[in-house]
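The values are calculated or read from the model by the stated rules, or taken from the named source; none is laboratory data. Everything quoted here is computed from the prediction, not taken from an experiment. Because the Cβ atoms are built from the backbone with ideal geometry, glycine has one as well, and the counts that use them run over all protein chains shown.
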């Protein structure tokens with residue numbers, strides 16, 4: 001029987017009979033069978049050769065190509081279609097069943113995939129090592145021989161350097177570039193030395209670079225300074241931290257470094273969750289002779305009777321209560337000082353109505369305090385569009401003599 005005759009018979013039959021005819025033909029419902037018959041009524045069904053549609057994984061082992069009929073002639077749903085043709089269902093953004101071409105098939109749109117170059121950690125370290133200017137003599141002893149007039153311990157806390165970010169000519173947000181960041185770091189080192197500490201510790205709270213791939217966020221590349229990505233971003237961060245900050249600080253003892261959400265080496269934050277770019281920067285600083293401790297999540301550093309708990313602020317632990325963080329990472333019997341970055345402001349995030357009630361201290365008690373540290377990076381078009389602006393800066397803490405921290409904020 002020809003397709004037109006079949007379709008005519010199908011349309012005249014009652015609902016139950018039409019369903020029975022569809023089931024016998026291997027179709028899940030009558031409507032699918034009707035569409036199939038309509039597509040065949042003007043088609044010469046003699047065997048023809050057709051080219052196989054090109055899909056990403058190029059699986060072309062099936063004899064009919066990528067049509068929507070199974071080997072027994074039944075119409076497949078999208079999941080059966082993917083299994084049958086070895087396609088990844090998770091990579092399909094949308095699909096449409098096409099029936100007017102004689103043999104039904106699925107018109108599929110795939111998610112756009114970004115192919116990133118695969119470079120091993122060993123290769124990255126080789127590239128970084130070749131680009132660093134290692135001092136002829138390693139800086140194993142950071143203390144000056146003459147300590148006359150110097151006393152006490154200073155804890156310097158810096159956050160959100162975003163080296164590689166480039167901001168220019170916004171209305172309220174200050175300009176930002178690699179050169180401006182270097183100037184700010186030199187000014188910070190000068191302010192630290194003015195306090196005449198006998199010992200200085202430096203805490204770096206993440207987001208050292210703007211982007212390793214240029215794709216950390218949508219349009220990240222638009223705000224990058226001279227395409228400062230990849231190993232170049234790591235090398236320059238190490239060099240600037242050394243030349244314009246750490247090497248200028250008198251009596252520097254050690255550096256504590258945690259990773260931020262920008263410090264990953266992949267565009268997808270689900271692939272690199274440990275801030276490998278920050279890890280590489282810490283490794284580079286060790287090559288320069290500095291005593292560096294790195295952790296992707298949190299570092300606990302006890303100085304005298306104050307326990308410093310350091311994290312960037314984007315991980316799930318920052319959603320915990322202050323008391324819970326002190327219990328998990330602090331030390332009982334000491335004053336626990338939790339320091340976070342990430343917000344590019346010394347203020348906690350609040351609704352617009354509550355901005356006038358901002359507090360510089362997120363949580364405070366007799367034996368603990370939780371502080372959001374100022375950022376060197378002052379913002380971009382996105383933050384300005386939301387109405388947020390901030391003053392770049394850093395802070396220094398010191399023991400007041402009773403095991404409680406004095407906190408000094410500096411604008412740069």
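Points to keep in mind about this one:
- When residues of region 103-118 are limited to those that are out of contact with any helix residue (DSSP H, G or I) (no Cβ under 6 Å at 6 or more places or on another chain) and modelled with pLDDT under 70, the one surrounded by the most Cβ atoms within 10 Å (Cβ to Cβ): 116
- Of all residues making up region 232-264, the number that are outside any helix (DSSP H, G or I) and farther than 30 Å from residue 316 by Cβ: 6
- Apart from one condition, residue 53 fits all of (1) assigned to a loop (DSSP other than H, G, I, E, B); (2) at pLDDT 75 or above; (3) closer than 11 Å to residue 105 by Cα; the exception is (2).
- The C-beta contact set for region 309-329 (first residue not assigned by TED's automatic domain parsing to the domain that holds residue 294 and at pLDDT 90 or above, second residue in a strand (DSSP E or B) and surrounded by fewer than 18 Cβ atoms within 10 Å (Cβ to Cβ), distance under 9 angstrom, 6+ apart or interchain) is empty.
- Qualifying residue in region 216-228 (condition: at pLDDT 60 or above and touching a helix residue (DSSP H, G or I) at 6+ places or on another chain (Cβ under 6 Å)): no
- Filtered residues of region 119-175 (kept if modelled with pLDDT of 75 or more, touching a strand residue (DSSP E or B) at 6+ places or on another chain (Cβ under 7 Å), more than 24 Å from residue 407 (Cα to Cα) and outside any loop (DSSP other than H, G, I, E, B)): 163, 165
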